[in-house]
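**Q** Encoded as structure tokens, here's the structure I'll be asking about.
The values are calculated or read from the model by the stated rules, or taken from the named source; none is laboratory data. Values in this document were obtained by computation on a predicted structure and should not be read as measured data. Here the Cβ positions follow ideal geometry from the backbone for every residue, glycine too, while neighbour counts run over all protein chains shown. All accessible areas refer to the heavy atoms of the entire protein, side chains included, with ligands and DNA or RNA removed. Shrake-Rupley method; radii C 1.70, N 1.55, O 1.52, S 1.80 Å.
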Amino acid sequence: MSNLEIKKTVLKVEDFYVSYDSDKNAVSNVNVDIKRNQITAIMGPSGCGKSSLLRAFNRMHELYPQITTEGNIYLNDVNIASLSTTDLRRKIGMVFQSPNPFPSMSIYDNVIAGYKLNGIRQKKSERDEIVEKSLNDVALWSEVKDSLHKRGNFLSGGQQQRLCIARTVAMKPDVILLDEPTSALDPIATLKIEELLVTLKKDYSIVIVTHNMAQAARLSDNSMFMYLGELVEHGKTKDMFTKPTDKRTEEYLMGKFG
């Protein structure tokens, strides 16, 4: 890979497979470059492998011993297999489908949870700065600054999801992965999350799994369409939605299956 390609590419996937058992691949032979400081949407019908691929980017599949992988994924030209999972998950953060703040922790402690869990010691002034900046980054500071030491139970679903994103950005990752992050939210909260992600791409590279084609069209710079574990097509979102090159992509975007 040339230096220019490395600069533009944050994640490179080569000949990548994910298998849940010996007879069936959940993901088959994926090759794709994911661009830096852009939003990449992974689309496709249920069971097409999009979440399996997303979770492989920070080796979440290793939590399940029956799942095996083949091929390579590079982060900034470094094979992720060569990194410890702790280092990798600091560089590639994950936000899940349902908001999942740590219920026993305050809002403040949720934001800096990654530092505590990794045994990273800081002065109180440093912690305070990280909390304020991270909550400002997700447009939540003004809403919670007087309640930082309360648990997040009183927050709405959308606020809880922004808190989870704040917990991720607090670690200053290179990449943020989001797996259907708005599927449990109402339309107003969904719009806030979408606007937030567009703002965050200035500082982060974002990969989002979504079943919502309108969301992918609104939000993403690039899109990947997966079907039956195969990466059928990928490229600029505008091009894919206006002139898809594969019949299966066209039929999916027209709502003929999904």
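**Q** Provide the FRET efficiency to the nearest 0.05 for the S183-L117 pair, computing r from the beta carbons and using R0 = 35 Å. Don't skip to the answer; put the middle values down first.
**A** Details: r = 26 Å, r/R0 = 0.75.
E(calc), rounded to 0.05, equals 0.85.
**Q** Full extension from M105 to D23: what is 0.36 nm times the residue separation minus their Cα-Cα distance, to one decimal in nm? Each step should come with its number before you reach the end.
**A** Working: separation 82, 0.36 × 82 = 29.52 nm, distance 4.26 nm.
Full-extension gain reported as 25.3 nm.
**Q** Set the bar at 20 Å for Cα to Cα. Now go through K12/K91; K91/K123; K124/K172; K116/K172; K201/K247; K91/K150 and name every pair that lies beyond it. Intermediate results must be reported in sequence, preceding the final value.
**A** Values: K12/K91 15 Å; K91/K123 22 Å; K124/K172 18 Å; K116/K172 15 Å; K201/K247 31 Å; K91/K150 28 Å.
Too far apart for the 20 Å limit: K91/K123; K201/K247; K91/K150.
**Q** May I pose another question? To the nearest 20 debye, what charge dipole does the chain have about its Cα centre, counting +1 at the Cβ of each Lys and Arg and -1 at the Cβ of each Asp and Glu? Please list the in-between numbers first.
**A** Numbers: 34 positive and 32 negative charges, 146 e Å.
Roughly 700 debye, rounded to the nearest 20.
**Q** Order these peptides, 187-195, 77-85, by their mean beta-carbon neighbour count within 10 angstrom, highest first.
**A** On the way: 187-195: 15.7, 77-85: 13.0.
By packing density, highest mean first, the sequence is 187-195, 77-85.
**Q** While we're looking at this one, here's another question. Please list T68, T168, T242 in order of solvent-accessible area, largest first, computed with a 1.4 Å probe with all protein chains present. Mind showing how you got there, number by number?
**A** Values: T68 75, T168 15, T242 100 Å².
Largest accessible area first, the list is T242, T68, T168.
**Q** Would you calculate the separation in nanometres between label points at T242 and K145, each defined as 7 Å from the Cα along the Cα-to-beta-carbon direction?
**A** Output for this residue pair reads 4.3 nm.
**Q** Calculate the dipole size of the stretch 1-77 relative to its Cα centre from +1 charges on Lys and Arg beta carbons and -1 charges on Asp and Glu beta carbons; express the result in debye to the nearest 20.
**A** Details: 9 positive and 9 negative charges, 86 e Å.
That gives a dipole near 420 debye.
**Q** Charges on Cβ only, +1 for Lys and Arg, -1 for Asp and Glu, centred on the Cα centroid of the chain; of N72, G93, N212, which one is farthest towards the dipole's positive end?
**A** Among N72, G93, N212, the one farthest towards the positive end of the dipole of the chain is G93.
**Q** Between D203 and K256, what is the spin-label point distance in nm, taking each point 7 Å from the Cα along the Cα→C-beta axis?
**A** In this crude label model, D203 to K256 measures out at 4.4 nm.
**Q** With a probe of 1.4 Å, find how much accessible area the stretch 3-253 has per residue, and write the answer as a whole number in Å².
**A** Numbers: 12240 Å² over 251 residues.
Per residue, the stretch 3-253 has 49 Å² of solvent-accessible surface.
**Q** Under the rule a/c < 1.5 gives rounded, and otherwise a/b versus b/c splits prolate from oblate, where does the stretch 84-126 land using the Cα gyration tensor?
**A** Values: a/c = 2.33, a/b = 1.07, b/c = 2.19.
Judged from the Cα gyration tensor, the stretch 84-126 comes out oblate (a/c at least 1.5, b/c at or above a/b).
**Q** What residues from the stretch 70-105 fall in the zone where the backbone N is under 18 Å from a label point 7 Å along the Cα-to-C-beta line of K7?
**A** So the set is 76-78.
**Q** If one takes the longest principal axis of the Cα atoms in the chain, at what angle in degrees, from 0 to 90 and to the nearest 10, does the Cα axis of helix 157-169 lie?
**A** 90 degrees
**Q** For helix 124-137, report the angle its Cα long axis makes with the longest principal axis of the Cα atoms of the chain; keep it between 0 and 90° and round to the nearest 10°.
**A** Around 50 degrees separate the two axes.
**Q** Which whole-percent values make up P(r) of the stretch 3-253 when all C-alpha to C-alpha distances are grouped in 10 Å steps starting at zero?
**A** Here the calculated profile for the stretch 3-253 is 7, 31, 35, 21, 6, 0.
**Q** Taking square-rooted eigenvalues a ≥ b ≥ c of the alpha carbon gyration tensor, is the stretch 134-258 rounded, prolate or oblate, where a/c under 1.5 means rounded and, failing that, a/b exceeding b/c means prolate?
**A** Values: a/c = 2.78, a/b = 2.15, b/c = 1.29.
Because a/c hits 1.5 or more and a/b exceeds b/c, the stretch 134-258 counts as prolate.
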